[in-house]
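Worksheet: one structure, shown below.
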Amino acid sequence: HHTNNTNPCDDGNACTSGDTCGGGTCNPGTPVVCDDHNVCTTDTCNSTSGCVYTNNADPCDDGNACTSGDRCGGGICNPGTPVVCNDGNVCTDDRCDPVVGCVQTPNTAPCDDHNACTANDTCGGGQCHPGTPVVCNDNNPCTDDACNPTSGCVYTPNDANSCTDGNACTQDVCRG
């Protein structure tokens, strides 16, 4: 006389655990969780051998904010290409911090504010600030001296201006 029991048993499948007897046969237990917590392996279970961890080429994050396009290879996450942190602003020093990524720090470098009427422009607070005003003086009393922000100094003849040649015996006028 044989009585069915609920003893532990092995159903022959390496992908189940906690198998128990019931109804005269060995019944599968709970599925084995095959997770090695590595994104660079594809985790599967083979009923004969158990958990199988196969290297993959999936995208991943290497934890370095200074690389992008990281990819798995050989079971590890490999860094991608370096991140370019150039913001195109001469008034910032650009660098990459592995934790936070691109960092732009204001500097005090020389710059060009694109105004021809200023010289010695300098950076401050991440922006280019005008330097000293350009003095447009050609020392010719017969011209009106001005500065054009686009082209710089402009000397326009003005025959209405008064002038002197230094000789008290002549009456002087501007012409062309």
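The values are calculated or read from the model by the stated rules, or taken from the named source; none is laboratory data. Remember, it's a predicted structure, so these values are computed and weren't measured experimentally. Cβ sites come from the backbone with ideal geometry, for glycine too, and all protein chains shown count toward neighbours. Ligands, DNA and RNA are excluded from the accessible area calculation, which covers all protein heavy atoms including side chains. Shrake-Rupley method; radii C 1.70, N 1.55, O 1.52, S 1.80 Å.
When residues of region 153-176 are filtered for being surrounded by fewer than 10 Cβ atoms within 10 Å (Cβ to Cβ) and either of a type outside the set (Asp, Glu) or in a strand (DSSP E or B) (or both), how many remain?
Here the count works out to 11.
Search region 90-114 for residues being in a loop (DSSP other than H, G, I, E, B) and open to solvent by 50 Å² or more (accessible area, probe 1.4 Å), and hand back the single one that is farthest from ASP43 (Cα to Cα).
Applying the filter and picking the extreme gives HIS114.
Within region 115-147, count every residue that is out of contact with any Asp or Glu (no Cβ under 8 Å at 6 or more places or on another chain), free of Cβ contacts under 8 Å to residues at least 12 places away in the same chain and part of a loop (DSSP other than H, G, I, E, B).
The number of residues fulfilling the criteria is 2.
So how many residues does region 70-89 have that are under 13 Å from the mean Cα position of the chain (by Cα) and either outside any loop (DSSP other than H, G, I, E, B) or over 20 Å from CYS123 (Cα atoms) (or both)?
Result for region 70-89: 4.
Given the residues THR150, THR143, which is the only one that is open to solvent by 70 Å² or more (accessible area, probe 1.4 Å), farther than 30 Å from ASP62 by Cα and among the hydroxyl-bearing types (Ser, Thr, Tyr)?
Testing whether each residue is open to solvent by 70 Å² or more (accessible area, probe 1.4 Å), farther than 30 Å from ASP62 by Cα and among the hydroxyl-bearing types (Ser, Thr, Tyr) leaves just THR150.
Over 21 Å from the mean Cα position of the chain (by Cα), surrounded by 15 or more Cβ atoms within 10 Å (Cβ to Cβ) and among the hydroxyl-bearing types (Ser, Thr, Tyr): does that describe THR48?
no
Taking region 1-45 as the search range and keeping residues that are within 26 Å of ARG71 (Cβ to Cβ) and not in a loop (DSSP other than H, G, I, E, B), which one is farthest from the chain's Cα centre (by Cα)?
Filtering first and then ranking leaves CYS45.
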